[in-house]
Amino acid sequence: MTMTEQQSRLAAYWERQLDRMDERELRHAKRLPGWRDRRHRRALAVVLAAADLVLVGSAAVFTLVSPWLYFGLWMGALLTGGASFTLLKILTGRMSGSFSRLLDEREREWRHRVTYVGYLALVGLMLVAMFYTLVVAGQAEGAFRGVMMMSALLVAGTTVPPIVLGWSLPDDDPEDFDEGETHG
C-alpha cells in the first residue's frame, strides 16, 4: 500500500468518526430543554465543584480514616460528580470537551477559552499534587496518599472547562427548541 493510499484511508476513517460524533451531538442537542438556563447550569457547576472538593478531601485523609468511610466519600463524590459532569456536558452542547464541526464561531471561541483555562488549572493542580506528594513522602503510606491526591486533582482539573462553561454561558434561546419541535 502506498503512502497516498494510507493517507486516503486515514482521511476516510477520520471523516466517518467525525460524522459519528456529529450524529451523537445532534441527538443530545435538544435534550433537557427545561434545564437549559443559567440557573440550572450554575447549580450543576456548584455540585460538580463540591464533588471535586470531596474527592480531594477524601484523598487527603486516605489511609488516615476507616477504609469504609474513605470508600463512601470517594464513591459518593465520584458518582455525584460524574452525573453532574455528564449533565453539564449535555447542557453546554459539549463545547468543553469535544471537537465538533457543528460549533459556530462563538462556540469555538468559548471552547478555546475554557480549554485554556482548564489547561492552566490542571497545571496548577498537578503542581499542588507534586508538592503534596513531597510532603507526605516520608509518612506511612505516603506513596499511596500521593497517588490518590494526584488522581483526585487530575479528575478535578478535567472538570474545570464544563464548570466554567456552566457558570458563564448565557441562557439558551427558547426559539432553538421550538424550531426543532415544529420540524421534527
Query raised in the report: Among all residue pairs at least 6 apart or on different chains, which show Cβ distances below 6 Å where the first residue, located in the range 39-56, is open to solvent by 40 Å² or more (accessible area, probe 1.4 Å) and the second is at pLDDT below 95 and aromatic (F, W, Y)?
Result: R42/W167
Report summary line: Within the range 135-168, restricting to residues that are more than 17 Å from the chain's Cα centre (by Cα) and surrounded by 21 or more Cβ atoms within 10 Å (Cβ to Cβ), the one that is nearest to A50 (Cα to Cα) is M149
Report task. Specify the residue that is farthest from L169 (Cα to Cα); the eligible residues are those in the range 101-127 that are not basic (K, R) and not in a helix (DSSP H, G or I). Result -> L102
**Report entry** Test for L102: is it under 22 Å from R36 (Cβ atoms), at pLDDT below 90 and more than 15 Å from the chain's Cα centre (by Cα)
**Finding:** yes
Query raised in the report: Do we have any residue at all in the range 3-14 that's assigned to a helix (DSSP H, G or I), at pLDDT below 90 and within 22 Å of the chain's Cα centre (by Cα)?
Result: no
Query raised in the report: Looking at this structure, is Y132 under 13 Å from the mean Cα position of the chain (by Cα) and either at pLDDT 90 or above or open to solvent by 30 Å² or more (accessible area, probe 1.4 Å) (or both)?
Result: no
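The values are calculated or read from the model by the stated rules, or taken from the named source; none is laboratory data. Since this is a predicted model, take the numbers as computed values, not measurements. Note that we place each Cβ from the backbone using ideal geometry, even for glycine, and neighbour counts take in every protein chain shown. The accessibility values were calculated without ligands, DNA or RNA, using every heavy atom of the protein model including side chains. Shrake-Rupley method; radii C 1.70, N 1.55, O 1.52, S 1.80 Å.
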